[in-house]
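All remarks here apply to the structure that follows.
The values are calculated or read from the model by the stated rules, or taken from the named source; none is laboratory data. What you are looking at is a predicted structure, and each value in this text was computed from that prediction instead of being measured. Every residue, glycine as well, gets a Cβ built from its backbone with ideal geometry; the counts of neighbours run over all protein chains shown.
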Ligand SMILES: Cc1cc2nc3c(=O)[nH]c(=O)nc-3n(C[C@H](O)[C@H](O)[C@H](O)COP(=O)(O)OP(=O)(O)OC[C@H]3O[C@@H](n4cnc5c(N)ncnc54)[C@H](O)[C@@H]3O)c2cc1C
Ligand SMILES: NC(=O)c1ccc[n+]([C@@H]2O[C@H](COP(=O)([O-])OP(=O)(O)OC[C@H]3O[C@@H](n4cnc5c(N)ncnc54)[C@H](OP(=O)(O)O)[C@@H]3O)[C@@H](O)[C@H]2O)c1
């Protein structure tokens, strides 16, 4: 793709429908004399907009933030929506979580870009709520504040050895290969034959897949270059994906399991005894769980001839291990990880998705040099005044309304917990958007003086990265990727991101 079409794609996401005239316009935009004409400066952040326009703030620019903004803008043609994002770049886990070898999932970015380009939508990146502006500032300046700031922490195991080097949360490991600025220096030692991944969710399969996928495949994705280099030298050839419950309770989904089974050069190992008896319950399971269980059973007991042939060539393997809870992480005399000691569990209750694991006195050790803990993400309160349910790690809310706080709402993972795919987050965000519109239109929310919001924006304007600034970063990353034969090479340093954003 030539550079003009690439640049054009930055602005539309759909090069196929670009006319020559539009390309020329974009070329003109990129000529030095035109660059200063940022479209953001003509947006609704200017104080010349009508005084009575209602303004709403959205905190976080992941799927929850953008889908909430989309619903609000669609439902009220007079409303202004300002999106505050702590990083200089938008899109949350779509950019920083979704695996690099799943580019199709990231197509939602085109929808988010359309929302951001709406005249009544403003993006303020590089502004952290709770640090650069307070929640109180926002609540004073806007009719409603919708918190969509996701889950930036992870659950911990609370077992000895968890702090050893090379015992890494999946959250950080994902951040490392996906170019999250704070994770770029993560020390990942892949100089070992065997790795243990703890947890049976889709994130666990993501990290196991990235460890085992041939580098010749990964190098064509937007995986960060530092991770690619480390994976190129990796000695890891065996990955144990270990869960505390059984095959009927796995949290991963069929598409992701199938992908693992078909992974080039890697054999799948599921022990026959772990799936014994499943054939008797399969027919009674709800459809998605039935299909997933059938695949687990078939792979263990009678894999297809295609799979068997594929596995004959395999030089690596991954094993699904059930009914094991980690009790400690072991190390050698040098303090390097040497294995994980597990308690062997049994299941309580009738065979179903809801059975509980109970530990027995039996212990078992799996030797390894790397442990990735993938037992879920966790939200944190961004302000001490925010009602927060610490037990469940979510904002204390009732159907997206923050409890006892008028004008304050939440959507996405921060309100529902760190589970659910983008589609589920979208549904939740749309519902929240409708609720805010309902409260606004029925006169339940205050309309602060417009001056307060303008003052707030004035306060952050030198710091903030606008959506036009982001598009400059986007172009620079795609251009850097093109040189490496990748769709994008993410900039992982905050200062460099800001320099590129402000380049005129
Ligand atoms: C590793 C991983 C892979 C995934 N892969 C898939 C997949 O392939 N397909 C799929 O459908 N779903 C996938 N998901 C699930 C999907 O990413 C989530 O459903 C979705 O991102 C949740 O959206 P959110 O907006 O609630 O949170 P997030 O996407 O996390 O967005 C939150 C945003 O808030 C910002 N923020 C945080 N604190 C502040 C603050 N104080 N001030 C301002 N901004 C702040 C963050 O920087 C971030 O941009 C994956 C999840 C993970 C963890
Ligand atoms: N391709 C995709 O579509 C994709 C990719 C990545 C993520 N996602 C989505 O993102 C969401 C988050 O994924 P996730 O994998 O982080 O979370 P998850 O689906 O909730 O899985 C967490 C796993 O950790 C286990 N676990 C929790 N606490 C534990 C403990 N103390 N000890 C041992 N094991 C423990 C859970 O076991 P129990 O069941 O026993 O609690 C479960 O197997 C999910 O909805 C997922 O589907 C989707």
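Being within 21 Å of the chain's Cα centre (by Cα), over 25 Å from residue 248 (Cβ atoms) and surrounded by fewer than 19 Cβ atoms within 10 Å (Cβ to Cβ): is that true of residue 380 here?
On the way: within 21 Å of the chain's Cα centre (by Cα): yes; over 25 Å from residue 248 (Cβ atoms): yes; surrounded by fewer than 19 Cβ atoms within 10 Å (Cβ to Cβ): yes.
The answer is yes for residue 380.
Going through the range 112-121 one residue at a time, which ones are within 14 Å of ligand 1 (Cβ to nearest atom) and more than 17 Å from the chain's Cα centre (by Cα)?
Here is the first cut: in the range 112-121, the residues within 14 Å of ligand 1 (Cβ to nearest atom) are 112, 115-116.
If the condition is that a residue be within 14 Å of ligand 1 (Cβ to nearest atom) and more than 17 Å from the chain's Cα centre (by Cα), then 115, 116 are the ones that fit.
For residue 233, work out the one condition from (1) surrounded by fewer than 17 Cβ atoms within 10 Å (Cβ to Cβ); (2) over 24 Å from residue 192 (Cβ atoms) it doesn't fulfil.
(2)
Restricting attention to the range 165-192, which residues are in contact with a strand residue (DSSP E or B) (Cβ under 6 Å, 6 or more places away or on another chain) and more than 20 Å from residue 377 (Cα to Cα)? Give the steps one after another, and end with the answer.
Of the range 165-192, the ones in contact with a strand residue (DSSP E or B) (Cβ under 6 Å, 6 or more places away or on another chain) are 166-171, 173, 192.
Answer for the range 165-192, where residues must be in contact with a strand residue (DSSP E or B) (Cβ under 6 Å, 6 or more places away or on another chain) and more than 20 Å from residue 377 (Cα to Cα): just 192.
The rows are residues; the columns are (1) within 14 Å of ligand 1 (Cβ to nearest atom); (2) assigned to a loop (DSSP other than H, G, I, E, B); (3) in the same structural domain as residue 202 (by TED's automatic domain parsing).
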{"residue": "386", "(1), (2), (3)": "yes, yes, no"}
{"residue": "391", "(1), (2), (3)": "no, yes, no"}
{"residue": "404", "(1), (2), (3)": "no, yes, no"}
{"residue": "420", "(1), (2), (3)": "yes, yes, no"}
{"residue": "425", "(1), (2), (3)": "yes, no, no"}
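So for the range 456-463 (the condition being out of contact with any strand residue (DSSP E or B) (no Cβ under 8 Å at 6 or more places or on another chain) and part of a helix (DSSP H, G or I)), does at least one residue qualify?
First pass over the range 456-463, keeping only residues out of contact with any strand residue (DSSP E or B) (no Cβ under 8 Å at 6 or more places or on another chain): 458, 461-463.
Keeping just the survivors that are part of a helix (DSSP H, G or I) gives 458.
Yes, because at least one residue in the range 456-463 is out of contact with any strand residue (DSSP E or B) (no Cβ under 8 Å at 6 or more places or on another chain) and part of a helix (DSSP H, G or I).
Report yes if residue 489 is under 25 Å from the mean Cα position of the chain (by Cα), more than 15 Å from ligand 1 (Cβ to nearest atom) and part of a loop (DSSP other than H, G, I, E, B), otherwise no. Quick ask: steps written out before the conclusion?
Numbers: under 25 Å from the mean Cα position of the chain (by Cα): yes; more than 15 Å from ligand 1 (Cβ to nearest atom): yes; part of a loop (DSSP other than H, G, I, E, B): yes.
The answer is yes for residue 489.
Conditions: (1) under 22 Å from residue 344 (Cα atoms); (2) within 16 Å of ligand 2 (Cβ to nearest atom). Residue 272 meets all but one. Number of the miss?
Just one mismatch for residue 272, condition (2).
In the range 245-262, what residues are touching a helix residue (DSSP H, G or I) at 6+ places or on another chain (Cβ under 8 Å) and within 16 Å of ligand 1 (Cβ to nearest atom)? Spell out how you get there, then give the answer.
Step one: filter the range 245-262 for residues touching a helix residue (DSSP H, G or I) at 6+ places or on another chain (Cβ under 8 Å), giving 246-248, 250-254, 256-262.
Within the range 245-262, 251, 252, 253, 254, 256, 257, 258, 259, 260 meet the criteria.
In the range 135-158, how many are under 19 Å from residue 390 (Cβ atoms) and either outside any loop (DSSP other than H, G, I, E, B) or touching a helix residue (DSSP H, G or I) at 6+ places or on another chain (Cβ under 7 Å) (or both)? Don't jump to the end; show me each part of the working.
In the first step, residues of the range 135-158 are kept if they are under 19 Å from residue 390 (Cβ atoms); the result is 135, 147, 149-158.
Now narrow it down to the ones that are either outside any loop (DSSP other than H, G, I, E, B) or touching a helix residue (DSSP H, G or I) at 6+ places or on another chain (Cβ under 7 Å) (or both): 135, 147, 149-151, 153-154.
Number of matching residues: 7.
What are the residues in the range 402-426 that are in contact with a strand residue (DSSP E or B) (Cβ under 6 Å, 6 or more places away or on another chain) and within 14 Å of ligand 2 (Cβ to nearest atom), if any?
Scanning the range 402-426 gives 414, 417, 418.
What are the residue pairs meeting all of these: first residue in the range 325-338, first residue in contact (Cβ under 8 Å) with a residue 24 or more places away in the chain, second residue within 16 Å of ligand 1 (Cβ to nearest atom), Cβ atoms under 7 Å, and 6 or more apart or on different chains?
Hits for this filter: 326/198.
Pairs only if they're at least six apart or on different chains, beta carbon under 7 angstrom, first in the range 197-210 and free of Cβ contacts under 8 Å to residues at least 40 places away in the same chain, second assigned to a helix (DSSP H, G or I) and surrounded by fewer than 24 Cβ atoms within 10 Å (Cβ to Cβ); list them, first residue then second.
Once the first residue is free of Cβ contacts under 8 Å to residues at least 40 places away in the same chain and sits in the range 197-210, no partner that is assigned to a helix (DSSP H, G or I) and surrounded by fewer than 24 Cβ atoms within 10 Å (Cβ to Cβ) comes close enough.
Filter the range 373-382 down to residues that are under 25 Å from residue 275 (Cα atoms) and assigned to a strand (DSSP E or B), then give me how many there are.
1
Please work out which residue is surrounded by the fewest Cβ atoms within 10 Å (Cβ to Cβ), limiting yourself to the range 126-169 and to residues that are at positive phi and touching a residue at least 40 places away in the same chain (Cβ under 8 Å).
Applying the first criterion (at positive phi) to the range 126-169 yields 126, 130, 150, 158, 161, 166.
The next check asks that each one be touching a residue at least 40 places away in the same chain (Cβ under 8 Å); those that pass are 126, 130, 150, 161, 166.
On the way: 126: 22, 130: 16, 150: 23, 161: 19, 166: 21.
By that ranking, first place goes to 130.
For the structure I just gave you, tell me whether residue 296 is under 19 Å from residue 352 (Cα atoms), in contact with a strand residue (DSSP E or B) (Cβ under 7 Å, 6 or more places away or on another chain) and modelled with pLDDT of 95 or more. Full working, then the answer.
On the way: under 19 Å from residue 352 (Cα atoms): yes; in contact with a strand residue (DSSP E or B) (Cβ under 7 Å, 6 or more places away or on another chain): yes; modelled with pLDDT of 95 or more: yes.
Considered against the rule, which asks whether it is under 19 Å from residue 352 (Cα atoms), in contact with a strand residue (DSSP E or B) (Cβ under 7 Å, 6 or more places away or on another chain) and modelled with pLDDT of 95 or more, residue 296 comes out as yes.
Only one of these is touching a residue at least 40 places away in the same chain (Cβ under 8 Å), within 20 Å of the chain's Cα centre (by Cα), outside any loop (DSSP other than H, G, I, E, B) and closer than 26 Å to residue 185 by Cα: 474, 469. Name it.
Values: 469 fails: within 20 Å of the chain's Cα centre (by Cα).
The match here is 474.
Which of the residues that make up the range 190-204 are farther than 14 Å from residue 341 by Cα and either within 16 Å of ligand 1 (Cβ to nearest atom) or out of contact with any helix residue (DSSP H, G or I) (no Cβ under 7 Å at 6 or more places or on another chain) (or both)?
Hits for the range 190-204 are 191, 192, 193, 194, 199, 200, 201, 202, 203, 204.
Checking residue 362 against (1) away from ligand 1 (no atom under 16 Å from the Cβ); (2) over 30 Å from residue 105 (Cα atoms); (3) in a loop (DSSP other than H, G, I, E, B), only one condition comes out false. Which one?
Against the list (1) away from ligand 1 (no atom under 16 Å from the Cβ); (2) over 30 Å from residue 105 (Cα atoms); (3) in a loop (DSSP other than H, G, I, E, B), residue 362 comes up short only on (3).
So, in the range 48-69, of the ones that are out of contact with any strand residue (DSSP E or B) (no Cβ under 9 Å at 6 or more places or on another chain) and at pLDDT below 95, which residue ends up farthest from residue 446 (Cα to Cα)? Show your work before the answer.
At the first step, the residues of the range 48-69 found to be out of contact with any strand residue (DSSP E or B) (no Cβ under 9 Å at 6 or more places or on another chain) are 48, 50-52, 62-63, 67.
Right, trim to at pLDDT below 95 and you get 48, 50-52.
Numbers: 48: 21, 50: 17, 51: 14, 52: 12 Å.
Among residues in the range 48-69 that are out of contact with any strand residue (DSSP E or B) (no Cβ under 9 Å at 6 or more places or on another chain) and at pLDDT below 95, the one farthest from residue 446 (Cα to Cα) is 48.
Give the number of residues within the range 139-158 that are under 19 Å from residue 452 (Cβ atoms) and within 16 Å of ligand 2 (Cβ to nearest atom).
Total meeting the criteria: 0.
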